[in-house]
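S.K.: Supplied in structure tokens, the structure appears directly below.
Please treat every number below as a calculation from the coordinates, not as lab data. All values derive from a computational prediction rather than experimental measurement. Methodologically, a virtual Cβ is constructed for each residue, glycine included, from the backbone with ideal geometry; neighbour enumeration extends over all protein chains shown.
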Amino acid sequence: MLGNLKRETTREYDPQVKQFGEQMTTLKTQTTTPPARITGLLQSGWANQVLRTAVELDIFSHLNDKPLTSKDLAAKAGLDAKATGYLLNALVSLEYLTQQNNIYALTEVSQFYLVKGSPLYFGNHVLADDIVNSAWHNLTDKIKDGRSCEKVNNDSEAVKFFPDLAANIFPINYTTAQAVVKVLKAESLSEPFRVLDIAAGSAVWSIPFAEANKRATVDALDFPEVLVVTKRFAEQHGVANQFNYLSGNWRDIKIEQQAYDFVALGHILHCEGKELSQRLLAEAYAALKPGGTVIVAEFISNDQLSGPVFPMLFALNMFLLTENGCVFSQTELKSMFEEAGFKEVERLTLPFWNQESPVMVAKKI
Ligand SMILES: C[S@@+](CC[C@H](N)C(=O)[O-])C[C@H]1O[C@@H](n2cnc3c(N)ncnc32)[C@H](O)[C@@H]1O
């Protein structure tokens with residue numbers, strides 16, 4: 001066994017191998033890039049663990065009362081002082097903390113997202129040890145056999161998978177959803193209006209409508225097990241009295257036609273794949289009043305399927321977790337909107353997102 005390993009290892013450096021010889025010549029004659037693109041990615045695994053450890057030890061909540069030295073923080077949290085110093089410096093380098101005169105303080109991001117009890121606390125998602133992580137551990141085998149590990153959007157699996165996921169990802173989209181409401185000027189609508197949130201999850205795409213304008217009423221549609229989460233979020237945000245619920249699989253629910261001013265499809269198309277997404281867009285079109293707007297939130301790839309990085313990773317994620325899930329490009333989504341009858345298709349310009357806005361809207365004329 002050890003003998004085999006030795007032979008293999010030696011072969012990689014064997015000057016008889018043609019490629020080895022050619023590359024040695026190149027290396028001697030030109031300046032070659034160091035492997036930073038590879039080491040950088042390997043180091044990001046360590047950075048990931050730094051964040052997880054900081055969340056596990058609740059470092060950020062300890063700093064919420066007031067900035068502290070590493071020694072004081074270690075004493076407060078019952079940790080080793082020297083090791084805590086290393087951890088805090090790494091957190092500074094990753095911009096989760098600032099440090100001045102050996103006093104460590106929260107940044108805006110850690111203050112909002114990593115302090116326990118914050119309305120946007122994201123620590124549960126950082127620590128989630130769920131089906132998604134296990135599926136990614138099987139990536140190599142799945143690329144060989146081409147079969148997804150899970151079918152999380154089958155009814156029986158969905159009701160186990162989605163309640164926690166939907167709650168945990170609320171912080172990812174809340175401020176973006178607020179920005180969407182602003183761009184669509186929904187806060188200044190002076191007549192009562194109706195929002196349908198299909199596959200609502202935490203209702204992250206509709207709660208901001210209800211918060212911005214008391215004339216909004218929302219129908220939130222999802223599986224009954226997930227609607228428990230939806231109701232909790234609506235209550236926490238003080239808008240429960242503006243919410244009604246449609247319980248079940250969207251494919252089985254008869255949705256009121258020509259009834260809504262806005263229909264939100266937040267991160268549901270990628271679960272369903274192209275065929276069902278086209279059907280879902282047709283349902284949204286039928287549900288809207290003339291003049292109404294559909295809002296689609298997705299991880300949108302470029303047309304060449306070469307980036308940005310996250311949508312391309314997410315395509316693999318959908319391959320691992322669903323039967324037909326996928327990501328769409330802006331051009332593909334635009335033609336899907338148009339096939340459903342929508343006009344004035346637009347990728348919204350939103351603060352913080354530069355060219356990578358995750359939201360497209362279109363109108364029923
Ligand atoms: C990725 S989550 C997105 C939730 C929320 N819209 C958001 O953007 O955070 C997908 C949601 O779709 C719901 N869902 C998936 N398939 C569904 C179906 N066939 N009928 C109703 N809801 C469904 C899940 O329960 C889950 O809440």
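S.K.: What order do you get for ARG52, ARG347 when you list them from fewest to most C-beta neighbours inside 10 Å? The partial results should precede the final answer.
M.R.: Working: ARG52 14, ARG347 18.
In increasing order of surrounding Cβ atoms, one gets ARG52, ARG347.
S.K.: Any of LYS160/LYS364; LYS116/LYS334; LYS289/LYS334; LYS66/LYS160; LYS214/LYS343 with alpha carbons more than 32 Å apart? Name them for me. Walk me through the numbers on the way to the answer.
M.R.: Working: LYS160/LYS364 35 Å; LYS116/LYS334 40 Å; LYS289/LYS334 20 Å; LYS66/LYS160 39 Å; LYS214/LYS343 28 Å.
Flagged as over cut-off: LYS160/LYS364; LYS116/LYS334; LYS66/LYS160.
S.K.: Near the amide H of GLY292, under 5 Å away, which other amide H atoms are found, from residues 5 or more places off or on another chain, if H is placed in the peptide plane?
M.R.: HN-HN under 5 Å from GLY292: LYS364.
S.K.: Something else: Step through the residues of the range 241-257 one at a time and calculate ³J(HN,Hα) from phi using the Karplus curve (6.51 cos²θ - 1.76 cosθ + 1.60, θ = phi - 60°), rounding each to whole Hz and writing x for Gly and Pro.
M.R.: Here the 3J(HN,Hα) series is 5, 9, 9, 10, 10, 10, 9, x, 6, 4, 5, 9, 8, 7, 8, 4, 9 Hz.
S.K.: Take every DSSP beta bridge whose two residues both sit in the range 133-363, then give the antiparallel share in percent to the nearest 5. The partial results should precede the final answer.
M.R.: Working: 8 of 30 bridges.
Restricted to the range 133-363, the bridges split so that about 25 percent are antiparallel.
S.K.: Rank these for me by crowding, THR98, THR29, going from fewest to most other beta carbons within 10 Å. Walk me through the numbers on the way to the answer.
M.R.: Numbers: THR98 14, THR29 8.
Lowest count first: THR29, THR98.
S.K.: Also: Determine ³J(HN,Hα), in whole Hz, for all residues of the range 163-176 in sequence, where each value follows from phi through the Karplus function 6.51 cos²θ - 1.76 cosθ + 1.60 and θ = phi - 60°; x replaces Gly and Pro.
M.R.: x, 5, 4, 4, 5, 5, 8, 3, x, 5, 10, 4, 5, 5
S.K.: Also, I was wondering about something else. Using helices alone, what [θ] at 222 nm do you get for the chain, with -39,500 (n - 2.57) per DSSP H run of 4 or more residues, divided over all residues and rounded to the nearest 500?
M.R.: Values: 17 runs with 185 residues, N = 365.
For the chain, the value works out to -15500 deg cm²/dmol.
S.K.: Run through the range 209-300 and list the trypsin sites (Lys or Arg not before Pro) located in a DSSP loop whose Cβ has at most 15 other Cβ atoms within 10 Å. Mind dumping the intermediate values first?
M.R.: On the way: sites: LYS214, ARG215, LYS231, ARG232, ARG251, LYS254, LYS274, ARG279; in loops: LYS214, ARG215, ARG251, LYS254.
Hits after loop and neighbour filter: LYS214, ARG251, LYS254.
S.K.: Among rounded, prolate and oblate, which fits the chain when a ≥ b ≥ c are the square roots of the eigenvalues of its C-alpha gyration tensor, a/c under 1.5 means rounded, and a/b larger than b/c means prolate?
M.R.: On the way: a/c = 2.08, a/b = 1.36, b/c = 1.53.
Cα axes put the chain in the oblate bin.
S.K.: Search the structure for amide H atoms under 5 Å from the amide H of ASN153, placed 1.01 Å from N in the peptide plane, and list their residues when 5 or more places away or on another chain.
M.R.: Counting only residues 5 or more places away or on other chains, the set is GLU323.
S.K.: Taking θ = phi - 60°, what integer Hz values does the Karplus form 6.51 cos²θ - 1.76 cosθ + 1.60 yield along the range 302-309, in sequence order, with x for Gly and Pro?
M.R.: Once θ is set to phi - 60°, the couplings for the range 302-309 become 7, 5, 7, 6, 10, x, x, 4 Hz.
S.K.: With the dipole of the chain worked out from charges on the C-beta (+1 for Lys and Arg, -1 for Asp and Glu) around the Cα centre, which of PHE319, PHE162, VAL17 lies farthest toward the positive end?
M.R.: So the residue we want is VAL17.
S.K.: If you rank SER156, SER118, SER247 by fewest surrounding Cβ atoms within 10 Å, what's the result?
M.R.: Working: SER156 8, SER118 17, SER247 14.
So the residues, fewest neighbours to most, are SER156, SER247, SER118.
S.K.: Right, something else. Between TRP353 and ALA47, with labels modelled 7 Å along Cα→Cβ, what's the label distance in nm to one decimal, could you check?
M.R.: 2.3
S.K.: Further question: Could you give the size of the charge dipole of the range 36-127 about its Cα centre, using +1 on the Cβ of each K and R and -1 on the Cβ of each D and E, expressed in debye and rounded to the nearest 20? All intermediate terms of the calculation are to be shown ahead of the outcome.
M.R.: Values: 7 positive and 7 negative charges, 28 e Å.
Charge dipole, the range 36-127, about its Cα centre: 140 debye, nearest 20.
S.K.: Report, by chain and number, residues whose modeled amide H sits under 5 Å from the one on ASP197, excluding near sequence neighbours (fewer than 5 apart, same chain).
M.R.: ASP219, ALA220, LEU221, ALA264
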